[in-house]
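Encoded as structure tokens, the structure appears first; notes follow it.
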């Protein structure tokens, strides 16, 4: 008995339409594979960076978030160094906007004094033993920060004047 030809195309679709649909599926699968590949390579996750600034014999290194998501623990670490140590209290000025983006739980070590202005929150620390002050802010990105972008600053202040400053940008992905 002869085998009849069974068409694989529905009779109501033109060959051009079927090819176009096939190509669109291939493009869609390629885009999906790209997103999965970027995720596996950790390009889409939370990222931190370290930025440094030096002036007048003081060095400030800030480890800060670059990309984060709402609700994630986000490191903010500040290290200030001065050869020979610190003669008096160390004051750090942190831009106020960062406190709108984070839910801070605690500051390690705790400052001996703190005050604020419209633009900054000032933390005063007793001089540490040695020539380095290390400060960690324990916090999470606020849950209501979906899709926000912020520019932030941390400055070392001596005698009421900024000595050195680190600026960074943080993106909160939805």
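Name the strands (runs of 3 or more DSSP E) wholly within segment 32-126 that hold at least 2 residues that are exposed (fewer than 15 other Cβ atoms within 10 Å of the Cβ)?
Filter on segment 32-126 gives 47-55, 102-108, 113-116.
Please state which one of 101, 134, 69, 140 is within 20 Å of residue 166 (Cα to Cα) and in contact (Cβ under 8 Å) with a residue 60 or more places away in the chain.
Every option except 101 fails the conditions.
For segment 135-168, which positions are closer than 29 Å to residue 83 by Cα and exposed (fewer than 14 other Cβ atoms within 10 Å of the Cβ)?
159, 160, 161
Conditions: (1) loosely packed, with under 10 Cβ neighbours inside 10 Å; (2) not in a helix (DSSP H, G or I). Residue 16 meets all but one. Number of the miss?
(2)
Note down all Cβ pairs under 9 Å where the first residue falls in segment 146-159 and is in a loop (DSSP other than H, G, I, E, B), the second is surrounded by 20 or more Cβ atoms within 10 Å (Cβ to Cβ), and they're at least six residues apart or on different chains.
146/172; 147/172; 148/101; 148/170; 148/172
Since every read-out is calculated from the coordinates, none of them should be taken as a lab result. Predicted, not measured: the structure shown is a model, and the values here were computed from it. Ideal geometry is used to build each Cβ from the backbone, glycine not excepted, and the neighbour counts take in all protein chains shown.
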